[in-house]
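The values are calculated or read from the model by the stated rules, or taken from the named source; none is laboratory data. None of the values given here were measured: they were computed from a predicted structure. Glycine also receives a Cβ, built like all others from the backbone with ideal geometry; neighbour counts cover every protein chain displayed.
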């Protein structure tokens, strides 16, 4: 079994032989996929299904992990019976198992198409197609054309999705054929590797490229916290430091760091906090009442779901607003969450301009995101453009004092994200324990919500989304209080 390879394990082996060995010999050491990773898998499946419409009328080989033989036999039957298009066509040669996204018989012979949800061709895609070509050619399938199908991010949806406009097909035949000697050599190397001792491969950039390795938790368990890898901002080569046994903050040459990195290290080593009261006071002096705290949630599917949208366009579906009418007023809250499966943009914009009065001061955490969402709405909805842009122009960024290190403590560990600073500054208020605990989860959850038919489950998920988004704006309220108290 250790000799067996597949398309995915071949790609894993190219990234790291140790990862391949662990996958084959110690699979229990793998990290569990998080919600965002699972969502990416689901999105890839959706893109693959839609790409089948480029070559309609084919038959799909249904994946069955308990019956690979049946999948191989069914593929052979379809070919023998003259089927010209097969989805997930399954082949095996020399214990290498592959499933071809689309195998189509054109006028010049069989054509292979690999479908990706990316918007361009990457080196890893060349290797992905190369191992497929290797197996198919050895099996006896002569390929006249080998192509990658990827998303065309310039496509704008109008009416039903047009797959011929949504997808770009890139002919890579020459690249794949010229890559075959490399494939043969790598197959031999991988088999020697997985049948020997665990490769002695140290951590490096390959742990994250081209994919995040799901054995990283195991391979990085010797790295202390904090370490050189916790140093924020770009600058020194962290892996070069590691290779030179510079791992702890105390071993760093501070003269090589930028000012923010230097502050992070000094605060970590001394335990002192940094509060620049003059700068904090200057920021607070720019705010006024009524004071509104705004946070959006968006999703950005590769397949544009509504007219006027492009692949991966940010589409807002939810917002939360906490607000004070005046300084002495009680805190109030309003919120909006669209019905899943419907275009949320116009109703959201209408509610937003109703909920935020003209002349209000609006606070966001990382205002560039909220402003980009509002600009997108204003470009689409001329009737609300003036009011939306008025809100846009009155947004102040609560992230500023933390990003600029005007307020910084050791516990923030170099980060200025709201999720990093909230538990540090505010007791008994954090995202831990929430069913939805970050924006990626919120986006993925909402994007699939329209596929759920159980009303109770839909209601629970909607409540989870509301709870998460409400905490985002409540967090900014509490953080602002901390800043005020600091001066």
Pick out, from region 13-131, the strands (runs of 3 or more DSSP E) lying fully within it that include 3 or more residues that are over 27 Å from residue 191 (Cα atoms) and not assigned by TED's automatic domain parsing to the domain that holds residue 149.
none
Residue within region 29-41 that is within 19 Å of the chain's Cα centre (by Cα) and surrounded by 19 or more Cβ atoms within 10 Å (Cβ to Cβ) present
yes
Taking region 355-370 and keeping residues at negative phi and either without any contact (Cβ under 8 Å) to a residue 12 or more places away in the chain or out of contact with any strand residue (DSSP E or B) (no Cβ under 6 Å at 6 or more places or on another chain) (or both) leaves 357, 358, 365, 368, 369
Output yes when any residue across region 360-376 is modelled with pLDDT of 95 or more and farther than 28 Å from residue 419 by Cβ, and no when none is.
no
Working only within region 142-168, note down all residues that are buried (at least 18 other Cβ atoms within 10 Å of the Cβ) and touching a helix residue (DSSP H, G or I) at 6+ places or on another chain (Cβ under 9 Å).
143, 146, 147, 148, 149, 150, 151, 155, 157, 166, 167
Take residue 483 and tell me if it is closer than 22 Å to residue 267 by Cβ, over 24 Å from the mean Cα position of the chain (by Cα), assigned to a helix (DSSP H, G or I) and at pLDDT 95 or above.
yes
Under 7 Å between Cβ atoms, which residue pairs at least 6 apart in sequence (or on different chains) link something in region 429-447 that is within 20 Å of residue 342 (Cα to Cα) with a partner that is part of a loop (DSSP other than H, G, I, E, B)?
442/436; 445/436; 446/340; 447/301
Exactly one condition in (1) on the phi < 0 side of the Ramachandran plot; (2) surrounded by 12 or more Cβ atoms within 10 Å (Cβ to Cβ); (3) not assigned by TED's automatic domain parsing to the domain that holds residue 487 is false for residue 234; which is it?
(2)
Determine if region 391-399 includes at least one residue that is at pLDDT below 95, in the same structural domain as residue 297 (by TED's automatic domain parsing) and not in a loop (DSSP other than H, G, I, E, B).
no
Tell me, which residue of region 305-332 that is within 17 Å of the chain's Cα centre (by Cα) and within 21 Å of residue 48 (Cα to Cα) is surrounded by the fewest Cβ atoms within 10 Å (Cβ to Cβ)?
312
Could you list, in sequence order, all residues of region 141-164 that are more than 24 Å from the chain's Cα centre (by Cα) and under 26 Å from residue 127 (Cα atoms)?
141, 142, 143, 144, 145, 146, 147, 164
